[in-house]
């Protein structure tokens, strides 16, 4: 045992002693280098971040137009599909036009009836002039007869009965003349000063509305873009005004809406350079500039803005939307809603 210990123990001590010193030195060196690297890296990140502000609360934005019907009716034909590129004025879908064609014919019939009534009123007004002339002439004749009867009665060549009859004729003629003049006044009052009767004007308005409604049975693209959100655009679907049936995404212009913390705004201004990274396209970096800074925080434009009426208030860092405009058209397709990271150079 002692011999084995003597033979094996001595060499072991001689081999282990030189190996421990380098191991301890290496561990000590690592213990010193790692904190130093962390300190240097943290300092570099702090120094490099002094001239920039960054947020990952950003999305790609595009103009989105909701397209719906302006009249009621079933959809009879759909001429576009999801993802299709369309131009402004292109026909998207049709609504059943037959009810509106019938309404147009009815309005045209109303106009014809109104025009007939107007001619009747004008003719009646013209006829009342002849009635006045006839009544005036008859009154003149009977007045002369009354004068003759008065002279004969004074001389004793006629009776009081004939004189009274002549007087009654004159009174009757005066009443007839007054009636004719009243009818003429009423007939003239029925004629509109502008030359067009109210009934005719209403019929023309009905025709204009019927034609407008008929034209609205063909729904066309108000702007160029890509067709999206066509789940409700089906033949047979009932179109209701105010409810969108599809969306047009304007692909011609895209921008980034970045929501920066309120404490970052003090150093930000329109025109500053920005770098945009799109999560969907790793490695793609797009140059841009700050186009505008929002006039209110996101919470102010919410459907239910935050209120502090009861006094139970917790301060929350607000975010303000900042629009970033690309310097040039990105090399990859921009899709509305894609997440992005924006870094703005505030130096």
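Taking 0.36 nm per residue of separation and subtracting the Cα-Cα distance, full extension of the segment from residue 262 to residue 293 would add 10.1 nm. On the basis of the beta-carbon distance and an R0 of 56 Å, residue 116 and residue 224 show a calculated FRET efficiency of 0.70.
Once you reduce the range 69-143 and the range 213-252 to the center of their Cα atoms, the two points are 30 Å from each other. Packing-based ranking of 170-176, 234-240 yields 170-176, 234-240, ordered from highest to lowest mean Cβ neighbour count within 10 Å. Residue separation of residue 315 and residue 29 scaled by 0.36 nm, minus their Cα-Cα distance, works out to 98.3 nm of gained length. Kirkwood Rh over Cα pairs of the range 240-298 into Stokes-Einstein at 20 °C, 1.002 mPa s: D in µm²/s? Calculated translational D: 146 µm²/s. When peptides 89-97, 135-143 are ranked by their average number of other Cβ atoms within 10 Å per residue, the highest-first order is 89-97, 135-143. Note: relative contact order over the range 199-299, using C-alpha pairs below 8 Å and six or more positions apart, is 17 percent.
Quick note: the coordinates plus some simple rules give every number you see, no bench work behind them. Source: prediction; values computed, not measured. When we count neighbours, we look across all protein chains shown, and the Cβ atoms used for this are built from the backbone with ideal geometry, even at glycine.
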